[in-house]
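A.B. asks: Once you've had a glance at the structure underneath, I'll fire off some questions.
None of the figures in this text is laboratory data; all of them are computed from the coordinates on show. Computed from a predicted structure; not experimentally measured. Note that we place each Cβ from the backbone using ideal geometry, even for glycine, and neighbour counts take in every protein chain shown.
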Ligand code: C2E
Ligand code: MG
Ligand code: MG
Ligand code: MG
């Protein structure tokens, strides 16, 4: 029996793990094909100015429309895309598509920014000898070039954990991105381990307060204190603040009192297809015009 076990111990996967490993390989195959077959789509979630109620930007959020699997959420394939390195071409596609969309909004009278999520592997791509600049800069410049989008309408969302890896190159990349003229934000702020001293040293424009703090802001005194502290600190450091995951009017009112600049969440809208997002912009514009004419 022991011999048999020993013989088979290359099979370190349990039957369940084995199945999931097979699934993993299958998913990887699908994922590789997805880019060629144009199965990725971006949805867009409005970001609203708390003071004016106007839409100031949209966050681009990827979805995978697979004929067999249906609509797959990023949580279910971004980790795999990271592991396999596929996130690099996927990330370049996201940048291109988001910039084209933002150019369309701008051309139709809505010069709002588009925010694009970065993944670690994409941010920390290795620069080869042949490359004169960091590959992420190439991707960003290509996307801006192809779309003719003014750089200030593009924002990159970077998490604390991405920022705190390879600090020296991180600083170089951030400075180079800043020189292009795009905006930089820290996503899921408060959940990571970034040192506050870096907030001052990184050329960051925006903090996005993680939705886990917003969720119970009206009932949990410590969440309220954390959000209040972040917004005060941000003001002192001349950073803007976006609160994520705003689902209720009560949460919005709290954030207004705390002088948070911008909000994003289901209370305003879930992430929308490009068409629905544009319709939403047009409808909000009508509302604002009506408001203005009423006085
Ligand atoms: P994130 O960047 O923090 O995006 C916010 C997530 O919260 C989105 O989930 C959004 O749909 C969801 N959300 C928005 N408002 C509310 C709300 O009021 N309540 C609740 N409960 N949730 C809300 P989604 O679209 O499933 O994306 C999940 C994560 O996947 C993102 O978190 C981001 O880290 C990653 N991701 C999405 N798109 C991309 C992409 O193009 N590239 C990379 N690298 N990562 C992406
Ligand atoms: Mg984000
Ligand atoms: Mg976030
Ligand atoms: Mg995130």
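A.B. asks: Can you tell me, using C-alpha contacts under 8 Å and at least 6 residues apart, the relative contact order of the chain as a whole percent? Numbers along the way, then the final one.
C.D. replies: On the way: 428 pairs, mean separation 50.4, N = 295.
Dividing the mean separation by the residue count of the chain yields 17 percent.
A.B. asks: Could I ask something else about it? In what order do 191, 159, 52 fall by count of nearby beta-carbon atoms within 10 Å, going from fewest to most? Display every interim value, and only then the final one.
C.D. replies: Working: 191 15, 159 21, 52 10.
In increasing order of surrounding Cβ atoms, one gets 52, 191, 159.
A.B. asks: Now, a different point. Could you check the simple spin-label distance between residue 276 and residue 107, using points 7 Å along Cα→Cβ, in nm with one decimal?
C.D. replies: 2.5 nm
A.B. asks: Quickly estimate the mean residue ellipticity at 222 nm for the chain, helices only: each DSSP H run with n ≥ 4 gives -39500 (n - 2.57), and the total goes over all residues, rounded to 500. Let's see the in-between values first.
C.D. replies: Working: 13 runs with 149 residues, N = 295.
Counting only the DSSP helices, I get -15500 deg cm²/dmol.
A.B. asks: Let me ask something additional. Can I get the semi-axes of the chain's equivalent ellipsoid? Compute them from the C-alpha gyration tensor as square roots of 5 times the eigenvalues, in angstrom, largest first. Walk me through the numbers before you get to the answer.
C.D. replies: On the way: eigenvalues 247, 110, 99 Å².
Semi-axes (√(5λ), whole Å): 35, 23, 22.
A.B. asks: May I pose another question? Given springs between every Cα pair under 10 Å in a Gaussian network model of the chain, which of 270, 68, 208 has the largest fluctuation?
C.D. replies: 68
A.B. asks: Moving on. Would you kindly state how much longer the chain becomes between residue 218 and residue 237 on full extension, computed as 0.36 nm times their sequence separation minus their alpha carbon distance, in nm to one decimal?
C.D. replies: 4.3 nm
A.B. asks: With 27 Å as the cut-off, how large is the P(r) tail for the range 118-264, expressed as percent of Cα-Cα pairs?
C.D. replies: Values: 2954 of 10731 pairs.
It works out to 28 percent of all Cα pairs.
A.B. asks: Still on this structure, please answer the following. Suppose a student asked you for the relative contact order of the range 184-295, using Cα pairs under 8 Å spaced at least 6 residues apart; what percent would you report? All intermediate terms of the calculation are to be shown ahead of the outcome.
C.D. replies: Numbers: 130 pairs, mean separation 23.4, N = 112.
Over the range 184-295, the number comes to 21 percent.
A.B. asks: If you stretched the chain out fully between residue 49 and residue 152, how much longer would it get, using 0.36 nm times the residue separation minus the C-alpha to C-alpha distance? Present the calculation step by step, with values, prior to reporting the outcome.
C.D. replies: Values: separation 103, 0.36 × 103 = 37.08 nm, distance 1.73 nm.
Here the segment from residue 49 to residue 152 would lengthen by 35.4 nm.
A.B. asks: Using the 10 angstrom Cβ neighbour count as an exposure proxy, how do 188, 83 rank, fewest first?
C.D. replies: On the way: 188 18, 83 12.
By the 10 Å Cβ count, ascending: 83, 188.
A.B. asks: For the chain, modelled as a Gaussian network with Cα springs under 10 Å, which listed residue fluctuates most, 113, 256, 63?
C.D. replies: It is 256.
A.B. asks: Another question, then. Compute the helix-to-body angle for 87-107: its Cα long axis versus the longest principal axis of the chain, expressed 0 to 90° and rounded to tens.
C.D. replies: Compared with the principal axis, the helix lies near 20 degrees.
A.B. asks: Quick one: 280, 267, fewest Cβ neighbours within 10 Å first, how do they rank? Walk me through the numbers before you get to the answer.
C.D. replies: On the way: 280 18, 267 15.
Least crowded to most crowded, the residues run 267, 280.
A.B. asks: For the range 186-242, compute the orientation-averaged projected area of the C-alpha convex hull (one quarter of its surface), in nm². Don't skip to the answer; put the middle values down first.
C.D. replies: Values: hull surface 14.4 nm².
Over every viewing direction, the Cα hull of the range 186-242 projects on average to 3.6 nm².
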